[in-house]
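Structure record follows, encoded as structure tokens.
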Amino acid sequence: MTMLSERQQMSYIASQAADARLNVELETEGMTLNIGPQHPATHGTLRIIARLDGEQVVWAEPSAGYMHRGYEKLTEVRTFPQVTALINRIDWLGSFANEVPFILAAEQLMDIEAPPRAQHIRTILFELSRIANVSLFLGDLGVQMGAVTPVFMAFRDREYVLNLIEGATGGRFHPNFDRIGGLKDDLPKGWLDETRQVMKKLRNFCDEIEDLLFGNEIFQSRTRGIGVIPADVARQYGLSGANLRASGVDWDLRRDQSLPLAYDKVDFRVWTHPDGDSWARCWIRLQEVREATKIVDQLIETLPPGPVMTKVPRIIKVPEGEAWVSTENPLGEMGYYVVSKGDLGPFRVKIRSASFNNISITPWVLKGVYVPDIITILASLYFILGDIDR
Amino acid sequence: MGLVDRGRLPAPLTKLFNIGRSYSMWVYQWGLACCAIEMGAAFGSPRYDVMRLGVIPLPASPRQADLVVVSGTVTDKMAPAVKRLYEQMPEPKYVISMGSCANCGGPYWDSYSVTKGVDQIVPVDVYVPGCPPRPEALLEGVVLLQQRIKHEDMGARWRGEGFKPIVRESEPIVVGGGPIE
Amino acid sequence: MAQLSDTDTDESAPVVDELRNEIVARLRADLGDAVVDVHQVPQVDLWVRVTPESWRSAGEALRAQGFDYFCFLSAMDWMPSPFGDGENDPTEEVEEDPAASEIRQGYTGGDTRFQMLARVTDTRRHVSVTLKADLPQHDDGTMSIESWIPVYAGANWHERETHEMFGISFDGHPDLRNMYLPGDFEGYPLRKDFPLLARLVKPWPGIVDVEPMPASDDDEGDDS
């Protein structure tokens, strides 16, 4: 963070003033504002309770739990293949990406590895879910600031990606395609050509959004210098994904850990931004969609032949042990701590979802901002309710 | 409309009103979980375009809505809010329950925190199955509801007797899924 | 309890993981006997168990080593579930098998039914550590451990969640309100002895390939 913009300085002064007011307790009467649980601006059922002084937030706290479905308990009474069907629905926009770390953890415990072709296809589908997820974010970003057009564009181009996922897996939304030891099926005929076309369309979509939204003066003044998160705070709260990289931390699990996925065979750039404000977070995500389309393009060219499934027993029993696998999901680091006791199902699964950590910073970051900025900051942090509450 | 209040509306007039009501529904989108995205695709995307069915998905508050689509998992913590939202809507009001979770709990049938079906809290007119249902399925649900409204006895609704068809043997509505009720 | 075992790291001699060995050596230097046990899968992962008293100081020591990225914090209940694994009919009489109800802790062992579990990452060296600690129950059945908020501010919500799910209280936590469940909810869902009522009321039809249809299976379940 080389140079503080005027807006950053102002927001710093504002947060200091809010602190001072809390300490001194001036006689102004505060107001408590309740946003949600169902509110057009909260992306689902997150409720925010903010105590205001005039237009400024003195204290804010999200109240989660309206979507708590008890995943960690339910995984204990299901078999490994059944768990896969369930965990699709944690981050419902990038559902295939939820399956991968869990399957990899189970494979790590069983000491097997999927064949190279399956790893490749997994990576392709993983990136497609990232595109499906983040493109909706880019459209939704406009809605949060009063521009309705981008969301129509996002839904238009997202359909192409959903069609691809449906063509490959049979499921438009929740594929449940990943199996321990590989994939359920190979890709259908003609899928690769179609994917190439769609990736071109998606890159066009990114250019359109960049022109329409990121070049917009209102958008810039609503996001630049708003909601700044420094790198050390971001790491302490466990922010991950684009939120962490927007604070200048060069950390991407696709590149920085070796998993049996095909990321080491492609050339892609991990974008970081030094500012850590809302604009940086949005911009990083835009670049990530672009990188994802490039990754898919490269993987299509180098798709190896061979089977997509190794030999696994018909009834899967995972040997005793503990394993942690996390991947760079569309929302950030998604990991599963799987404990098996040699039974049909896991003994315990701790689900580390990205949004839970990402949104836990809101009491810190919302202090001192103005009420309209609550919405842009939350939008730029990008959460999905199922991913917070699980 | 004193005639309507007293429940003594001539059948032809009822039919006329019903056609008017069924093609001018304001839908409140009560998006809760995964289904909310598919509902957004059905209501907000250029590909599915629900407005051609005479349904307007943009009321600012439930007080202006005729229809609410409960899409997604209703948790025990959320249930009071759903109930309250339903009570805020003016009569006549309709509910579409979208997705397995809202229908019966779906994949969370054994969860400790999920309400097993939104029909435990509010009366439901049309159930749309699927996990999540495709946008087309939701549109079919809307069409089925419109058929239902066309056969509704408005007087009974105003007297608080709920849904009653105007014709005694209501002809089966066959849109894909076969007759309802 | 305070047995020092290096056996796990020594056995894996063929693959030497200098980075993780160095981490363990520095932790031992910082904490001394508080490091109870270490389990290492070379080049993959590292587990360290510390004493409950040194839970916070272990966090501080790791943070000083550069583990400044907070991944998650949770707990474990090692008691086998008294309701079976979900595939069996929970209303059926389970034959008594003493081995099945024996509490077996996972990697790095342990003495108590509940264990703390946390994971921190060093984003510069690309390495993570899973930290564990025993959780002895007080005389009245409650459990408590020091809060990690002064070390990692992000632990706030994780500790709230752990409190709600396991009933573990954290000393020094400012606000242990329920996060997910309504205020009048009773019980701690992630404890193994918390029953899923829906499963007790309507038994799961059983493992795949049962010949009689689920409906007829249900009837049998009601009769028995």
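The values are calculated or read from the model by the stated rules, or taken from the named source; none is laboratory data. It should be emphasised that the depicted structure is a prediction, and the values quoted were computed from it without experimental measurement. In this analysis, Cβ positions are derived from the backbone assuming ideal geometry, glycine residues included, and neighbour counts consider all displayed protein chains. Only protein heavy atoms, including side chains, enter the accessible area calculation; ligands, DNA and RNA are left aside. Shrake-Rupley method; radii C 1.70, N 1.55, O 1.52, S 1.80 Å.
When restricted to residues that are within 14 Å of chain A (Cβ to nearest Cβ), open to solvent by 50 Å² or more (accessible area, probe 1.4 Å) and not aliphatic (A, V, I, L, M), the range C:19-44 contains 1. Looking at the range B:72-80, can you tell me whether even one residue there is closer than 23 Å to residue A:89 by Cα and open to solvent by 30 Å² or more (accessible area, probe 1.4 Å)? Yes, some residue in the range B:72-80 is closer than 23 Å to residue A:89 by Cα and open to solvent by 30 Å² or more (accessible area, probe 1.4 Å).
In the range A:69-84, the residues that are within 10 Å of chain C (Cβ to nearest Cβ) and in contact (Cβ under 8 Å) with a residue 40 or more places away in the chain reach residues that are open to solvent by 20 Å² or more (accessible area, probe 1.4 Å) and of a type in the set (A, V, I, L, M) with C-beta atoms within less than 8 angstrom, at least six apart or across chains, in these pairs: A:79/A:316; A:79/A:344; A:81/A:316. Annotation: of all residues in the range A:153-196 being within 14 Å of chain B (Cβ to nearest Cβ) and surrounded by fewer than 16 Cβ atoms within 10 Å (Cβ to Cβ), the one that is nearest to residue A:217 (Cα to Cα) is A:163. Tell me, yes or no, whether the range A:296-314 has at least one residue that is of a type in the set (Ser, Thr, Tyr) and surrounded by 21 or more Cβ atoms within 10 Å (Cβ to Cβ). Among the residues of the range A:296-314, not one is of a type in the set (Ser, Thr, Tyr) and surrounded by 21 or more Cβ atoms within 10 Å (Cβ to Cβ), which makes the answer no. If you filter the range A:86-140 down to residues that are open to solvent by 10 Å² or more (accessible area, probe 1.4 Å) and farther than 26 Å from residue A:192 by Cα, you find that the one that is nearest to the other protein chains (Cβ to nearest Cβ) is A:89.
Are there any helices (runs of 4 or more DSSP H) wholly within the range A:1-87 with 3 or more residues that are over 30 Å from residue A:102 (Cβ atoms) and modelled with pLDDT of 65 or more, and if so which?
Numbers: elements: A:6-24, A:71-76, A:80-87.
By residue number, A:6-24.
Cβ separations smaller than 7 Å between residues 6+ apart or across chains give no pair from the range A:319-337 residues that are away from every other protein chain (no Cβ under 12 Å) and buried (at least 24 other Cβ atoms within 10 Å of the Cβ) to residues that are of a type in the set (S, T, N, Q) and assigned to a strand (DSSP E or B).
Within the range C:57-83, if we keep just the residues that are more than 17 Å from the chain's Cα centre (by Cα) and farther than 20 Å from residue C:20 by Cβ, the residue that is least open to solvent (accessible area, probe 1.4 Å) turns out to be C:57.
Candidates are the residues of the range B:41-58 that are at the interface with chain A (Cβ under 7 Å from one of its Cβ atoms) and assigned to a helix (DSSP H, G or I); the one that is nearest to residue B:106 (Cα to Cα) is B:41. Every test in (1) open to solvent by 20 Å² or more (accessible area, probe 1.4 Å); (2) more than 12 Å from every other protein chain (Cβ to nearest Cβ); (3) β-branched (Val, Ile, Thr) is passed by residue A:149 save one, and that test is (2).
For the range B:97-131, name all the residues that are within 14 Å of chain C (Cβ to nearest Cβ), part of a loop (DSSP other than H, G, I, E, B) and not basic (Lys, Arg). Please lay out each step first, then the result.
Looking only at the range B:97-131, we keep the residues that are within 14 Å of chain C (Cβ to nearest Cβ), and these are B:101, B:104-117, B:120.
Narrowing the set further to residues that are part of a loop (DSSP other than H, G, I, E, B) leaves B:105, B:109-113, B:115-117.
Residues satisfying the conditions are B:105, B:109, B:110, B:111, B:112, B:113, B:115, B:117.
Tallying residues that are part of a helix (DSSP H, G or I), within 11 Å of chain C (Cβ to nearest Cβ), open to solvent by 10 Å² or more (accessible area, probe 1.4 Å) and in contact (Cβ under 8 Å) with a residue 24 or more places away in the chain within the range A:218-252 yields 2. As a summary of the residue check, residue B:111 satisfies the conditions (1) within 15 Å of the chain's Cα centre (by Cα); (2) without any contact (Cβ under 8 Å) to a residue 40 or more places away in the chain except for the one numbered (1). Within the span defined as the range A:375-389, every residue fails to be at pLDDT below 85, within 8 Å of another protein chain (Cβ to nearest Cβ) and surrounded by fewer than 24 Cβ atoms within 10 Å (Cβ to Cβ). Going by the structure shown, is residue A:211 away from chain B (no Cβ under 14 Å), within 30 Å of residue A:381 (Cβ to Cβ) and modelled with pLDDT of 85 or more? Spelling it out, residue A:211 is indeed away from chain B (no Cβ under 14 Å), within 30 Å of residue A:381 (Cβ to Cβ) and modelled with pLDDT of 85 or more.
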